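> This structure is in structure tokens; I'll ask about it shortly.
The values are calculated or read from the model by the stated rules, or taken from the named source; none is laboratory data. Please read all numbers here as calculations on a predicted model, not as lab measurements. A quick note on method: Cβ atoms are made from the backbone with ideal geometry, for glycine too, and the neighbour counts reach across all protein chains shown. Each accessible area value is taken on the protein alone, full model and side chains, heavy atoms only, with ligands, DNA and RNA left out. Shrake-Rupley method; radii C 1.70, N 1.55, O 1.52, S 1.80 Å.
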Amino acid sequence: MTTRYITTPIYYLNGEPHLGHVYTTIAADVLARYWRLTGAKVKFLVGTDEHGQKVAQAAYAAGESPTTYVDRMSKLFVDMTHKINASNDVFIRTTETRHHEAAQALWKKLVQAGQIYESTYAGWYAVRDEAYIEESEIVEGKAPSGAEVEWMEESSYFFRLSEWERPLLDYYEENPGAIAPVSRRNEVLSFIKGGLRDLSISRTKFTWGISVPDNPQHVMYVWIDALTNYITALGYPNIESKEFKEYWPESLHLIGKDILRFHAVYWPAFLMAAGLRPPKRIFAHGWLTCEGEKMSKSLGNVVDPFKLIETYGLDPVRYFLMREIPFGQDGTYSDMALIQRINSDLANDLGNLVQRVLSFIHKNVGAHLPEPHEILGVDQEILAKAAHLHDLLRDDMEIQALQAYCQHIWEVVAVANRYVDSQKPWALKKSSDPQDRLRMQTVLYVLAEVIRHIAIYVQPLMPESASKILDQLGQKERSFKDLKTPLKSGTSLNEPQPIFPRVEKEKGE
Ligand code: MSP
């Protein structure tokens, strides 16, 4: 059986969940739901990154101890997963005992492998990025991200990252799909080719972290702690377990492009040094921007995703985020664009198709799925288009082309609306020719079959709305393999209800 392990980054707790977090989590959820529908065994992880200086500072600023603070804040992220209907199987917290154990076990493994040594770090550090910054990277006194940097000089353990230059380049050469999109892969390759220096992996100036085994004066650098979460959730250090073997390294790490270096350089190097395989694929998406600037807690320019959901409904927001921005590129959020998508793609195109076809059937053929009679060329054509979605969408998901996934489905929605217009079931109904009545039934059957395909494929994007459509169609079997069995005539239909209301422009103002 195919297995898939999908992860989001684990989120820092220095502020409330914002649209950026929601974006990554929804994208991962769409993929997880899609693969479950293919019959794959899926594990989908979300979680929170609770240690380090940035979180400790946020706790003190809130007047709380780090422990009280992270317990309170991580609940907000668990709530986020519920509010966006994320189907994650795991919500991991780095303050859990199992994670402490896993991070310390990985550390020990690296020590045994001769990959860790003690020395002194003297250089720049950006707390906002939780990153060491090279002198050569400093721009006008700041980190490349614009974060403030501070000079640090302290005793530290180092990881022999410099030894992994060649193995990393070889790995990426042999596995061209390991980093996507291609522009990000190139970025990583040129960073590695520029030379890797050993990495400081412990701190002594604060205590909010996982202690270094055998030297509690040091806490682990938050990134070695955080990255380990992906294997903690699989039971590391028990690498012989069924769980670990099934899911590692069948991993897809979805991340934002801001944390590519940590995932595509440090993480595979740690893993290889510990005798484990690197993650199978890392996909770095772009930033959601607000007037050109990255939306971020630290910059204070965030859009509240929960207000959006309250105003427009969850499924429209989920659809919009996947449809509007090519996954992998930056995209600007705007209320106008969201309203536009809701009114055109959802209300006019999909909503209208479902509503007019199902209410027509309901009113005119007695609330049962009609029987097809003679299938003509035009019917075959549209049925073939719906059937072809299977391969198109499989290929889209394999490369995480989430926008293309939406576009391919909506192409069939458009074809179906044109088919309604050209086949005119209402005119067939009025005709006194009995052949026309039979033709009407065929047309309605074909449409119901096409709508069933669409709704089944829409499930990962808009689970609740798709479920309503399938309920109205009287369909209980909803996975992709069920599409191989033709729609059953005679199935009784539920009363059709409009699913995607239009939005008045004023709502967005
Ligand atoms: N804790 C680290 C990740 C550790 S993973 C082992 C971290 N956390 S974060 O909360 O700052 O951000 C995590 C992720 O949130 C980003 O990589 C990205 O996926 C998402 N986003 C945060 N801001 C975003 C935007 N403005 N736009 C899109 N995604 C954004 O980094």
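> Solvent-accessible area per residue for the range 335-508 at a 1.4 Å probe radius, Å²? Spell out each step's value before the answer.
Numbers: 7970 Å² over 174 residues.
Solvent-accessible surface per residue comes out at 46 Å².
> Apply the Karplus parameterisation 6.51 cos²θ - 1.76 cosθ + 1.60, with θ equal to phi minus 60°, to every residue of the range 179-188 and state each ³J(HN,Hα) to the nearest whole Hz, in sequence, with x for glycine and proline.
So the J values, rounded to whole Hz, are 10, 9, x, 4, 4, 6, 4, 4, 4, 5.
> Determine, for the range 3-286, the count of lysine pairs separated by eight or more sequence positions (or lying on different chains) whose alpha-carbon distance falls under 17 Å.
10
> List, in order, the whole-Hz ³J(HN,Hα) value for each residue of the range 46-57 obtained from phi through the Karplus relation with A = 6.51, B = -1.76, C = 1.60 and θ = phi - 60°; use x for Gly and Pro.
Couplings: 10, x, 10, 9, 10, 9, x, 5, 5, 5, 4, 5 Hz.
> Can you give the charge dipole size of the range 21-161 about its Cα centre, rounded to the nearest 20 debye, using +1 on the beta carbon of Lys and Arg and -1 on the beta carbon of Asp and Glu?
In total the dipole reaches around 1020 debye.
> Tally Lys and Arg at +1 and Asp and Glu at -1 over the other residues with C-beta under 9 Å from the C-beta of Ile179: what net charge comes out?
Around Ile179, the charge tally is +2.
> Okay, moving on. What number, rounded to the nearest 500 deg cm²/dmol, is the helix-based mean residue ellipticity at 222 nm of the chain, given -39500 (n - 2.57) per DSSP H run of at least four residues and division by all its residues?
Rounded to the nearest 500, the figure is -14500 deg cm²/dmol.
> Using the Cα centre of the chain as origin and beta-carbon charges of +1 (Lys, Arg) and -1 (Asp, Glu), tell me which of Phe306, Gln340, Ile451 is placed farthest towards the positive end of the dipole.
Ile451
> Over the chain, what percent of the accessible surface lies on carbon and sulfur atoms, probe 1.4 Å?
50
> With θ taken as phi - 60° and the coefficients 6.51, -1.76 and 1.60, list the Karplus ³J(HN,Hα) couplings across the range 430-441 in order, rounded to whole Hz; mark glycine and proline as x.
3J(HN,Hα) across the range 430-441, in whole Hz: 6, 5, 8, 6, x, 4, 5, 5, 5, 4, 4, 5.
> Starting from the amide H of His285, placed 1.01 Å from N in the peptide plane, find each other amide H under 5 Å away whose residue is 5 or more places distant or on another chain.
Ile255, Gly256, Lys257
> Please get the size of the charge dipole for the range 3-286, origin at its Cα centre, with Cβ charges of +1 on Lys and Arg and -1 on Asp and Glu, quoted in debye to the nearest 20.
Approximately 1040 debye in magnitude.
> Sticking with this structure for a sec: What percent do you get for the relative contact order of the range 335-508 when only Cα pairs under 8 Å and 6+ apart count?
Normalised by residue count, the contact order of the range 335-508 is 39 percent.
> Could you list which residues have their amide H under 5 Å from that of Arg93, counting only those 5 or more apart in sequence or on another chain, with H placed in the peptide plane?
Result for Arg93 returns Thr48.
> Set Lys and Arg Cβ to +1 and Asp and Glu Cβ to -1, take the dipole of the chain about its Cα centre, and tell me which of Pro486, Gly194, Asn238 lies farthest positive.
Of the options given, the answer is Pro486.
> What shape does the range 409-509 take by its C-alpha gyration tensor, where a ≥ b ≥ c are the square roots of the eigenvalues and a/c under 1.5 counts as rounded, a/b above b/c as prolate, and the rest as oblate?
Verdict is oblate for the range 409-509.
> Something else about it: Rounded, prolate or oblate: which one fits the range 3-286, using the alpha carbon gyration tensor with axes a ≥ b ≥ c (rounded when a/c is under 1.5, else prolate when a/b beats b/c, else oblate)? Walk me through the intermediate numbers first.
Values: a/c = 1.35, a/b = 1.13, b/c = 1.19.
The shape class here is rounded.
> Another question, then. Going by the alpha-carbon gyration tensor, a ≥ b ≥ c the square roots of its eigenvalues, is the range 77-206 rounded (a/c under 1.5) or, if a/c is not under 1.5, prolate (a/b greater than b/c) versus oblate?
Rounded.
> Counting only heavy atoms of the protein chains, get the accessible area per residue of the range 128-169 (1.4 Å probe) and round it to a whole Å² value.
Result: 53 Å² per residue.
> In whole percent, what relative contact order does the chain give with Cα contacts below 8 Å and a gap of six or more residues?
So the answer I get is 15 percent.
> Treating the beta-carbon of each Lys and Arg as +1 and of each Asp and Glu as -1, no other charges, what is the dipole magnitude of the chain about its Cα centre, to the nearest 20 debye?
Dipole of the chain, to the nearest 20 debye: 1540 debye.
> May I pose another question? Report the net charge of residues surrounding Ser431, where surrounding means a beta-carbon distance below 9 angstrom and charges are Lys +1, Arg +1, Asp -1, Glu -1.
Neighbourhood net charge equals +2.
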